[in-house]
Amino acid sequence: MKTVRCSILGFGAIGQGVAEVLLMKKEYLESIGLEVLVVAVVDSKGATVNPEGVDLADCLARKRTGGTVAIDKLTGVEVIRSVDHELVIETTPTNIVTGGAGLQNMIAAFETGKDVITSNKGPLTLKYRELMEAAKAAGSNFRFEATVGGSMPIINLANEVLAGNKLRSIKGILNGTCNYILTRMLEERASYKDILAESMELGIAETDPTYDVEGIDTACKLVILANSIFGLDATYRDVEVTGITKITPEALEMAYERGHVIKLIGEVSRERIHVAPRLVPINHPLAVKGTLNVASIDTELAGEITVTGKGAGPIETASAVLSDLVAIYGNR
Amino acid sequence: MRVSMDIELKDVPGQMLLALQPLSEFKANLITVLHHHQKRTPRKTVPVQLVLEIKPENIGAIKAKLEENGIKVVRVGEHRFRESINVVLIGHVVHTGIQDTIDEIDKTGFAEVVDISLSMPGINLLSSALIRIDAVGKEDLQKALDILKKVSVKKDLLMVLPIDIHA
């Protein structure tokens with residue numbers, strides 16, 4: 001049995017999802033020879049640390065009743081530097097302006113030779129090349145499947161499963177909130193404003209929906225795909241972005257009468273990174289409904305490969321984190 | 001093959017039937033009929049444009065049969081427009097001059113706005129239009145879209161293009 005000692009930095013919805021999945025998958029992980037020992041859980045107020053392994057069920061309970069896991073006044077970076085472990089699971093909130101705590105955590109993790117698995121888009125959007133170089137210099141594994149498309153496999157699919165194929169482009173729906181809003185506007189013939197309000201009530205849109213509806217979230221994901229799959233050195237500024245705030249129910253209806261739906265489509269190739277609402281034929285593989293995400297990879301040998309799945313949700317996103325964990329430690 | 005045919009009908013009842021009967025006889029597939037009732041010719045006939053899918057060897061026979069029925073065939077040619085695209089425009093589509101937007105495309109000679117649906121839900125609300133553009137070839141279609149893009153930027157219209165078009 002190989003023991004992997006890890007920390008979970010950021011204990012919001014995703015971090016808690018990771019904890020739940022680790023509890024749920026304990027037996028499975030043991031069956032492939034892995035014991036995952038969480039030695040620290042950190043949220044914005046502090047940390048719970050135990051070199052013998054923290055009690056994840058207890059952490060979840062305390063977070064849900066008391067709002068925090070904090071016992072020791074330690075930050076993520078302090079835990080990385082002072083607690084002995086191999087893997088940092090980085091699930092702090094995305095900040096695309098400064099990179100936030102996530103960027104500091106990742107830098108500290110590589111400086112101390114740790115592997116990193118993350119769901120946090122911000123640092124990868126801002127400092128992709130620097131982070132990759134730091135990981136390489138430290139000999140660390142760095143995986144981030146959960147940053148794009150939630151549970152839907154895309155980065156590992158393109159780089160590993162489709163290895164050997166030259167990839168021409170990837171296009172798809174990478175933001176479930178926009179997909180939900182456009183789907184519901186057509187179904188209800190309701191205005192953008194009304195459906196946005198409904199989405200907020202259901203918790204599908206955030207209280208400040210700007211990142212989602214202006215296409216910024218999709219653009220960030222495309223930057224990650226551009227860098228990790230197409231080998232570019234792109235940042236958010238290289239993306240042409242148009243959001244969905246101007247879409248009218250009348251436009252959706254007229255398009256539908258001609259056999260099309262309108263979707264916010266992200267597209268990346270070596271030449272161009274682009275986000276805009278597009279007309280998609282109703283029977284097209286990218287015309288998925290509700291909060292689903294979808295991506296089509298145009299490959300040299302295999303033709304078009306399309307994947308679809310839930311783009312958000314704690315357990316779904318944690319599924320991508322788990323697959324990264326197994327990819328790093330499972331076959332060693 | 002696809003051909004366009006310009007014919008002229010006398011302005012009396014039953015003429016359209018006389019025009020369509022030879023098409024049916026030679027199993028032509030009628031794609032579009034444009035009946036320009038307002039555009040009388042000096043001969044007081046009504047011009048009609050047809051687009052047909054037919055076997056090339058039947059063109060002569062159809063033409064002869066139409067003329068036998070008293071219908072003037074002005075022109076027969078290979079159909080020019082091979083490419084077609086739907087585009088959605090959202091914004092103050094009407095107030096910024098929809099005719100002017102259409103003219104920009106039509107005056108190219110290689111592309112035409114052939115259909116338009118328009119919705120204006122109310123004053124101060126955004127209007128939406130769905131237009132169909134036909135063009136001679138793929139490159140011409142791209143050029144027409146480039147023109148439309150410039151017009152859209154100038155008029156602050158959101159242009160929604162099909163997914164398979166290079167935006």
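The values are calculated or read from the model by the stated rules, or taken from the named source; none is laboratory data. Worth saying up front: this structure is predicted, and the values here are computed from it rather than measured. When we count neighbours, we look across all protein chains shown, and the Cβ atoms used for this are built from the backbone with ideal geometry, even at glycine. Remember, those area values only see protein heavy atoms, side chains included, never the ligands or the DNA or RNA. Shrake-Rupley method; radii C 1.70, N 1.55, O 1.52, S 1.80 Å.
A few points about this structure:
- The range A:221-332, relative contact order in percent, only Cα pairs under 8 angstrom and at least six apart counted: 18 percent
- Placing R0 at 25 angstrom, the Cβ-Cβ distance between residue B:6 and residue B:154 gives a FRET efficiency of 0.10 after rounding to 0.05.
- With a 1.4 angstrom probe, the accessible area lost at the B-A interface totals about 1900 Å².
- Bridge type composition, the protein assembly as shown - antiparallel percent by DSSP, nearest 5: 75 percent
- DSSP finds beta bridges in the range A:1-136, and of those with both partners inside it, around 25 percent are antiparallel.
- Remark: the Cα gyration tensor places the range A:171-323 in the prolate category, a/c being 1.5 or greater and a/b exceeding b/c.
- Number of partner chain Cβ atoms within 10 Å, mean per residue of A:271-279: 4
- Among A:222-235, A:74-87, the peptide with the highest mean count of other Cβ atoms within 10 Å heads the list, and the full ranking is A:222-235, A:74-87.
- The distance between label points at residue A:188 and residue B:76 comes to 5.8 nm (points 7 Å beyond Cα on the Cα→Cβ vector).
- Cα-based shape type of the range B:2-78, given that a ≥ b ≥ c are square roots of the gyration tensor eigenvalues and the cut on a/c is 1.5: prolate
- In percent, rounded to a whole number, the relative contact order of chain A is 19, using alpha-carbon pairs under 8 Å and six or more apart.
- Peptide A:250-258 - average C-beta neighbours from other chains (10 Å radius): 6
- Springs between Cα atoms under 10 Å define the GNM used for chain A, and in it the highest mean-square fluctuation of A:97, A:275, A:213 occurs at A:97.
- Calculated FRET value between residue B:100 and residue A:197, using beta carbons and R₀ = 35 Å, to 0.05: 0.45
- For the options A:268, A:294, A:307, a Gaussian network treatment of chain A with springs between C-alpha atoms closer than 10 Å singles out A:307 as fluctuating the most.
- Pairwise FRET efficiency - residue B:92 versus residue A:241, Cβ, R0 = 30 Å, nearest 0.05: 0.85
- Considering helices alone, the calculated mean residue ellipticity of chain B at 222 nm is -8500 deg cm²/dmol, with DSSP H runs of length four and up weighted by -39500 (n - 2.57) and normalised per residue.
- Spatial separation of Cα centroids for the range A:115-168 and the range A:228-253, in angstrom: 21 Å
- Relative protection proxy for B:42-50, B:135-143, from highest mean packing down: B:135-143, B:42-50 (other beta-carbon atoms within 10 angstrom).
- The range B:2-78, accessible surface, carbon-and-sulfur percent (1.4 angstrom probe): 56 percent
- In the context of the full set of protein chains, residues of the protein assembly as shown present 46 Å² of accessible surface per residue (probe radius 1.4 Å, heavy atoms only).
- Taking a ≥ b ≥ c as the square roots of the eigenvalues of the alpha-carbon gyration tensor, the range A:282-332 is classed oblate because a/c is 1.5 or more while a/b is no larger than b/c.
- Partner chain coverage, peptide B:152-164 - average Cβ within 10 angstrom: 5
- Across the range A:156-310, the mean sequence separation of Cα contacts (distance under 8 Å, 6 or more residues apart), normalised by length, yields a relative contact order of 34 percent.
- Span from the the range A:64-102 Cα centroid across to the the range A:1-46 one, whole angstrom: 13 Å
- Computed lengthening from residue A:304 to residue A:30, 0.36 nm per intervening residue step minus Cα-Cα distance: 95.0 nm
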